[in-house]
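The values are calculated or read from the model by the stated rules, or taken from the named source; none is laboratory data. All values reported here derive from a predicted model rather than from experimental measurement. For neighbour counting, all protein chains shown are included, and Cβ atoms are generated from backbone atoms with ideal geometry for every residue, glycine included. Note: areas computed on protein heavy atoms with side chains; ligands, DNA, RNA excluded. Shrake-Rupley method; radii C 1.70, N 1.55, O 1.52, S 1.80 Å.
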Amino acid sequence: MKLLFLSDLHDDFWVDADRDLFEGIEDQIGGLDHLLIAGDLTNKPKVRWKYAFERLSKLLPLERVSVFPGNHDFYDFCLDGEDRLEQIASAFGVGYVQKKQLVFGSTRVLCATLWTDFELGAGRTINESHASARMNDFRHIRVASKGYRKLRPSDLVLAHRNQLDWLSGALAEDFDGQTFVATHHAPHPSALDSQHDNIAAAYASDLSELILKHRPERWFFGHCHGGKNSSVGDTQLINVSLGYPDEIADPAARIRDLIFEI
Ligand SMILES: [Fe+2]
Ligand SMILES: [Fe+2]
């Protein structure tokens, strides 16, 4: 089976830049058995997910596509609005796989945004105040159940714990085959490069203990445009982010590298 796990398409930015991120690899996308979009499909999802899915539908049947959100998929929207995201995806036949398991033959893929615990480096208190001052997430995302106030880092820590609980439980379940994990945020600081200095805790948590305990074969992650592959114990950590148009000269080459067979 041919699979493509791809995050950070930022489809709307590529449209604005008048560039087609799948140009030249249409046949390979059409030949995929599955495309998993691991977050950051677009900003403003209530409007733009529809356009992104319409574009994708010209390349492959959307029944072969799954998605879970990244931080950008909540921009001009609310953190607790995932029912709506699921409705939009389902209307196109796209699988919505937040805290869900995909199975391809003898391979399972555990999917979740993951978020972050903000613990890396200087510690949570300093990281949270630094991130809320610097990151657009805290200006563009709201929390509907709290009177539509602006997102706070503590909201993301709660979401992280909730999703980590699910992931830990799923990893502990017996599975006769190989286990992959796919998240938007990174599970280990070794994925980051120098451009993430001072803001690392917003991009990654250190989940070494969980990884070493359960030893999934591969952990795919995004969010860190330009992040790197690494490993923890026997687990390969694989960055599957694309990125913004001004970061990627040849998106087809990048995407082609991320297609793999099981
Ligand atoms: Fe991104
Ligand atoms: Fe992201």
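Is it fair to say residue 107 is open to solvent by less than 60 Å² (accessible area, probe 1.4 Å) and within 16 Å of ligand 1 (Cβ to nearest atom)?
It is false that residue 107 is open to solvent by less than 60 Å² (accessible area, probe 1.4 Å) and within 16 Å of ligand 1 (Cβ to nearest atom).
Return the residues of region 195-233 that are within 21 Å of residue 137 (Cα to Cα), away from ligand 1 (no atom under 14 Å from the Cβ) and either in contact with a Gly (Cβ under 8 Å, 6 or more places away or on another chain) or without any contact (Cβ under 8 Å) to a residue 40 or more places away in the chain (or both); say none if nothing qualifies.
Result: 197, 200, 201.
Select from region 27-64 the residues that are of a type in the set (A, V, I, L, M, F, W, C) and open to solvent by 30 Å² or more (accessible area, probe 1.4 Å) and list them in ascending order.
Answer for region 27-64, where residues must be of a type in the set (A, V, I, L, M, F, W, C) and open to solvent by 30 Å² or more (accessible area, probe 1.4 Å): 47, 59.
Check region 244-254 and report whether any residue there is within 21 Å of residue 107 (Cα to Cα) and either modelled with pLDDT of 95 or more or away from ligand 2 (no atom under 16 Å from the Cβ) (or both).
No, region 244-254 contains no residue that is within 21 Å of residue 107 (Cα to Cα) and either modelled with pLDDT of 95 or more or away from ligand 2 (no atom under 16 Å from the Cβ) (or both).
Conditions first: (1) within 17 Å of residue 252 (Cα to Cα); (2) buried (at least 20 other Cβ atoms within 10 Å of the Cβ); (3) at pLDDT 95 or above. Residue 21 passes all but one, so which condition is the exception?
(3)
What are the residues in region 142-159 that are under 18 Å from the mean Cα position of the chain (by Cα) and open to solvent by 70 Å² or more (accessible area, probe 1.4 Å), if any?
158
Residue-by-condition table, conditions (1) within 16 Å of ligand 1 (Cβ to nearest atom); (2) of a type in the set (Phe, Trp, Tyr); (3) under 24 Å from residue 104 (Cβ atoms):
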position	(1), (2), (3)
26	no, no, yes
31	no, no, yes
37	yes, no, yes
40	yes, no, yes
51	no, yes, no
59	no, no, yes
75	yes, yes, no
80	no, no, no
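Among the numbered criteria (1) over 19 Å from residue 255 (Cβ atoms); (2) of a type in the set (A, V, I, L, M, F, W, C); (3) at pLDDT below 95, which one does residue 103 miss?
Only one criterion is unmet by residue 103, namely (3).
Output yes when any residue across region 134-141 is within 25 Å of residue 231 (Cα to Cα) and open to solvent by less than 70 Å² (accessible area, probe 1.4 Å), and no when none is.
Filtering region 134-141 for residues within 25 Å of residue 231 (Cα to Cα) gives none.
No: zero hits.
In region 160-191, how many are open to solvent by 20 Å² or more (accessible area, probe 1.4 Å) and on the phi < 0 side of the Ramachandran plot?
16
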